[in-house]
Amino acid sequence: MGQRGLKEKAPGRPQKTYCLMPSGLRYLKSPHEFRKIFDEGKRQHCPHFLLCFVPKETGVVYPRLGISISKANIPLAVQRNRIKRLVREAWQKKKYEKLGKNAVIVAKKGTDALKNNDITREITDIFDKLLS
């Protein structure tokens with residue numbers, strides 16, 4: 001047993017890295033925050049996603065991400081959850097919170113038919129466009 005009663009990782013297994021920010025600070029939650037970004041934000045399109053973004057507000061330490069996937073566009077909950085998980089992974093893995101912008105990503109119809117690699121590539125591309 002290691003620290004705090006956690007089991008030791010087997011040698012050779014990659015160590016998981018966790019974001020130190022609480023999830024409440026990493027993601028947009030309230031409809032008011034989403035509406036503000038949709039109304040005031042700039043938009044970036046790609047075939048299966050729409051990205052809306054605004055500069056982060058003063059007083060907010062970290063830029064935050066909102067994910068919007070409607071049941072009309074992606075009917076199965078399993079697929080909606082898979083897409084949300086992939087978006088969150090891409091946001092955390094690539095450290096896009098360093099962008100300095102609050103962003104909302106919206107999945108378009110047909111996104112559920114893509115494979116995980118294709119979704120991740122498209123999300124990474126649209127976030128990279130935002131950086132440039």
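Assessment of the stretch 53-64 against the conditions (surrounded by 12 or more Cβ atoms within 10 Å (Cβ to Cβ), under 14 Å from the mean Cα position of the chain (by Cα) and modelled with pLDDT of 90 or more) yields no matching residue. Cβ-Cβ distances below 8 Å connect the following pairs, each with a first residue in the stretch 89-102 that is under 16 Å from CYS52 (Cα atoms) and of a type in the set (Asp, Glu), a second residue that is assigned to a helix (DSSP H, G or I) and at pLDDT 80 or above, and a separation of six or more residues or different chains: GLU97/TRP91.
Looking only at the stretch 107-125, count how many residues are buried (at least 20 other Cβ atoms within 10 Å of the Cβ) and either closer than 12 Å to PHE53 by Cα or among the polar types (S, T, N, Q) (or both). Of the residues in that region, 1 qualify. Checking the stretch 71-89 against the condition returns no match, with no residue being touching a Phe, Trp or Tyr at 6+ places or on another chain (Cβ under 7 Å), under 22 Å from GLU33 (Cα atoms) and crowded, with 19+ Cβ neighbours inside 10 Å. Considering only residues in the stretch 90-106 that are more than 11 Å from the chain's Cα centre (by Cα) and of a type in the set (D, E, K, R), the one that is modelled with the lowest pLDDT turns out to be LYS98. When ASP39 is tested against the conditions (1) farther than 18 Å from LYS108 by Cβ; (2) at pLDDT below 90, the lone failure is (2). Looking across the stretch 90-106, just one residue is touching a strand residue (DSSP E or B) at 6+ places or on another chain (Cβ under 7 Å) and surrounded by fewer than 18 Cβ atoms within 10 Å (Cβ to Cβ), and that is GLY100.
Selection of the stretch 107-132 for residues being of a type in the set (A, V, I, L, M), part of a helix (DSSP H, G or I), at pLDDT 85 or above and within 25 Å of ASP39 (Cβ to Cβ) yields ILE123, ILE126.
The values are calculated or read from the model by the stated rules, or taken from the named source; none is laboratory data. This structure is a prediction, so every number in the text was calculated from the model and none was measured. Glycine also receives a Cβ, built like all others from the backbone with ideal geometry; neighbour counts cover every protein chain displayed.
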